[in-house]
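The values are calculated or read from the model by the stated rules, or taken from the named source; none is laboratory data. Just so you know, these numbers come straight off a predicted model, no measurement behind them. Here the Cβ positions follow ideal geometry from the backbone for every residue, glycine too, while neighbour counts run over all protein chains shown.
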Amino acid sequence: MPAQAQNPVENLSSLKKETESEETPVVIRRESEKDLAVWSAPARPFKRRNREFYVTLIAISALVGLILFLIEGWLPVVLIVSLVFLFYVLSTVEPENIDYKITTKGVNIAGKKTPWEAMLRFWFTKRFDSELLVIEIFSIPGRLELVVTPQVKAKIKENLLKYLSEEETPPSFVDKAASWFSQKLPQ
């Protein structure tokens, strides 16, 4: 039999002595944060709606509100009215331009940082004639949606591929329902 296979305890002790003599201190260098891509764009996708859209929305909301009032009472009606009001405000007030940054430490949106460790994957999509960068994150709400300008899209993709994988997730039930409902309303 070979000499090494005779006594495993001796082999472990000799291996331990070799590794103890080779110990070197670990040096941790802190790197400064560097900007990889910087751009300014609206805070959210925006599309102005016409009068026909709001008339249809209010008619559908009133019908659903009446049905829910007869079944449940007034509380669901208050919820529907508040959601219609929120949608009206978001559709009439144009978003402000904010600064976006992709850095070596993560993504910075209007001064709020999200580290790379909190992100899973990214993909590009389009909504209301705006190009969007969607980053899936581990915390609530589950996604970051950043409006992207066409001039920096290639640079953003190149830098994100160093840290995240590009993979679009299939739409959830809520995404499918919202898409179906938006197709039924007039543009």
Looking only at the stretch 105-120, which residues are surrounded by fewer than 14 Cβ atoms within 10 Å (Cβ to Cβ) and either within 8 Å of the chain's Cα centre (by Cα) or of a type in the set (Lys, Arg) (or both)?
LYS112, LYS113
Which of the residues belonging to the stretch 104-124 are in contact with a Ser or Thr (Cβ under 6 Å, 6 or more places away or on another chain) and touching a residue at least 40 places away in the same chain (Cβ under 8 Å)?
ARG121
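Filter the stretch 121-147 down to residues that are in contact with a Pro (Cβ under 7 Å, 6 or more places away or on another chain) and not charged (D, E, K, R) and give me whichever is surrounded by the most Cβ atoms within 10 Å (Cβ to Cβ).
Pass one, the stretch 121-147, residues in contact with a Pro (Cβ under 7 Å, 6 or more places away or on another chain): 127-128, 130-132, 147.
When the remaining residues are screened for being not charged (D, E, K, R), the result is 128, 130, 132, 147.
Details: PHE128: 11, SER130: 17, LEU132: 19, VAL147: 22.
Looking at the filtered set, the residue picked out is VAL147.
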Can you list residue pairs whose Cβ atoms sit under 7 Å apart, with the first residue in the stretch 81-103 being more than 24 Å from PHE69 (Cα to Cα) and of a type in the set (Val, Ile, Thr) and the second being loosely packed, with under 10 Cβ neighbours inside 10 Å and modelled with pLDDT under 90? Count only pairs 6 or more apart in sequence or on different chains.
THR103/LYS34
Going by what's in this entry, would ARG30 be described as under 30 Å from ILE156 (Cβ atoms) and exposed (fewer than 12 other Cβ atoms within 10 Å of the Cβ)?
yes
Among (1) surrounded by 11 or more Cβ atoms within 10 Å (Cβ to Cβ); (2) at pLDDT 85 or above; (3) outside any helix (DSSP H, G or I), where does LYS47 come up short?
(2)
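How about the stretch 125-144: which of its residues are touching a residue at least 60 places away in the same chain (Cβ under 8 Å) and either touching a helix residue (DSSP H, G or I) at 6+ places or on another chain (Cβ under 7 Å) or under 16 Å from ALA37 (Cα atoms) (or both)?
Going through the stretch 125-144, the residues touching a residue at least 60 places away in the same chain (Cβ under 8 Å) turn out to be 127-130, 132.
The one that is touching a residue at least 60 places away in the same chain (Cβ under 8 Å) and either touching a helix residue (DSSP H, G or I) at 6+ places or on another chain (Cβ under 7 Å) or under 16 Å from ALA37 (Cα atoms) (or both): LEU132.
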